[in-house]
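The values are calculated or read from the model by the stated rules, or taken from the named source; none is laboratory data. Predicted model only: the values in this text are computed from it and were never measured. Here the Cβ is made from the backbone with ideal geometry for all residues, glycine too, and neighbour counts use every protein chain on show. In case anyone asks, the SASA skips ligands and DNA or RNA and just uses the protein heavy atoms, side chains included. Shrake-Rupley method; radii C 1.70, N 1.55, O 1.52, S 1.80 Å.
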Amino acid sequence: MKFKFLLPLLFAVPAMAQTTIKPDAQITQMTDEISVQNIEGIVRKLVSFKTRHTLSDTTSKTTGIGAARNWIKAEMERYAVASNGRMHIEFDTFTQPAGGRVGKPTVLKNVLAILKGTDPTDTRVYLVSGHYDSRVNNVMDSASVAPGAVDDASGTAVSMELARVMSKRSFPSTIIFMAVAGEEQGLNGSANVAKRAKAEKWNVDAMLNNDIVGNTYGMETGLKDNRSVRVFSEGVPTPIATEQRALAALINNGGENDSPSRQLARYIKEVAERYVGQLDVKLIYRRDRFLRSGDHVPFLQQGFTAVRFTEMNEDFNRQHQNIRKEKGVDYGDLPEFADYPYIQKVARMNLSVLANLALAPAEPQNVGVTTSGLTNRTTLKWETPKMGKKPVGYYILMRETTSPYWERKYYVTGNEATLDYSKDNYFFAVQSVDDQGHESLPIYPKPIR
């Protein structure tokens, strides 16, 4: 079939993609509303509870994790007033059994602010999260002061500030703003939400985890970088890593670098840099940092698409440290060492991605590449998404097999396209688009005959 080339583009540097698509004025307005003062206020308020250790006091109104979670819930409820009943706040309550870093059965509570989608035919769910618990050197020490300003009041502040701004708007699909507990004790809170999402059949399209997103100074190196943020994404999807047939099919198809989480990471880079100035989104091709893990992992384990955001250079004198001074060096995750304009930038990144996804049509279904004959052309076929609004068209994405980013982007109508480029020499994907330019996540094709 013939193409309707709305946006034919070839670019050597991914940033050029952002100049070809007009930003949505509504999304731009929302990013402008992200307040650095509000973010700093949230971080300092969370620090004021002295410790938010998962096993700390739950009865005090001023100290411990109980006071912290009650305050977070009350703040979210205050934001929800602007939603005209569309945003519901709840505790996701469960008992974590004894074992590992939990010495006795303990009731934990995640805070969920659920902004219900306005389209009853669109079941997609998007999640953004930070963990509100904190710790010091001894992970079982629930009494010492553990301010946790960057780890992870910063991520919690991102989630809460997004809830404040986005609750005023309507989106076809559902967005859940989370503040989870038990991260430092073994990803307990996020694991409960992920299991619940699986059991209740939530149609989770993407999960964004913000953990340690408030520091711009690199310990040892002395580097100061307030432009860059890392996005960690796994390659081989966790559920198929031990399934030999599925793994073999993935390898044969050349898709080991095109997992759903990698597609989400590429999408984040393009969209976020379109809306947020002075931002460099760095794609890190691994699930997480060495010796560490985060709240996106339980979602990956349940088969959902998820990534982690983390500052570019970390100061380990701050993380998991008792407050002290040794040999002239300050230790402890204190609020005066956080970079609040940087957290604001990270929040804007999250918002632009969530809003673009929640406003976009659903992804094309059953995307395939024809492999029935030897040819130097590529034929792609797909089906119209069955939920939500219908796309006005689709983008065919194309890149060299060695490129980390999509390099060409063609607009087409219909459900089939043939390109004069060999499927053996390039990687392809297809994404839906609406009349305002909101794009779905890209879908990597499976071989079809």
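Tabulated values for the structure
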| item | result |
| --- | --- |
| The range 280-331, residues that are over 22 Å from the mean Cα position of the chain (by Cα), under 20 Å from Thr216 (Cβ atoms) and of a type in the set (Asp, Glu) | Asp315, Asp330 |
| Residue match in the range 348-363 (condition: surrounded by fewer than 19 Cβ atoms within 10 Å (Cβ to Cβ), touching a residue at least 12 places away in the same chain (Cβ under 8 Å) and of a type outside the set (Asp, Glu)) | no |
| Residue under evaluation Gly222, criteria (1) touching a residue at least 40 places away in the same chain (Cβ under 8 Å); (2) over 19 Å from Ile39 (Cα atoms), criterion not met | (1) |
| Residue match in the range 126-140 (condition: small (Gly, Ala, Ser), in contact with a Gly (Cβ under 6 Å, 6 or more places away or on another chain) and surrounded by 24 or more Cβ atoms within 10 Å (Cβ to Cβ)) | yes |
| From Val136, Val145, Val150, residue being in contact with a His (Cβ under 7 Å, 6 or more places away or on another chain) and modelled with pLDDT of 95 or more | Val136 |
| Residues (surrounded by 20 or more Cβ atoms within 10 Å (Cβ to Cβ) and farther than 14 Å from Asn366 by Cβ) located in the range 381-397 | Gly388, Pro391, Tyr395, Ile396, Leu397 |
| Residue count for the range 255-275, restricted to those that are open to solvent by 10 Å² or more (accessible area, probe 1.4 Å), of a type outside the set (Asp, Glu) and not in a helix (DSSP H, G or I) | 1 |
| Scan of the range 169-219 for residues that are among the aliphatic types (A, V, I, L, M), in contact with a helix residue (DSSP H, G or I) (Cβ under 6 Å, 6 or more places away or on another chain) and open to solvent by 10 Å² or more (accessible area, probe 1.4 Å), ordered by number | Leu187, Ala191, Val204 |
| The one condition in (1) in a strand (DSSP E or B); (2) crowded, with 23+ Cβ neighbours inside 10 Å; (3) among the aromatic types (Phe, Trp, Tyr) that Tyr410 fails to fulfil | (2) |
| Residues being in a loop (DSSP other than H, G, I, E, B) and surrounded by 15 or more Cβ atoms within 10 Å (Cβ to Cβ) - total across the range 108-125 | 5 |
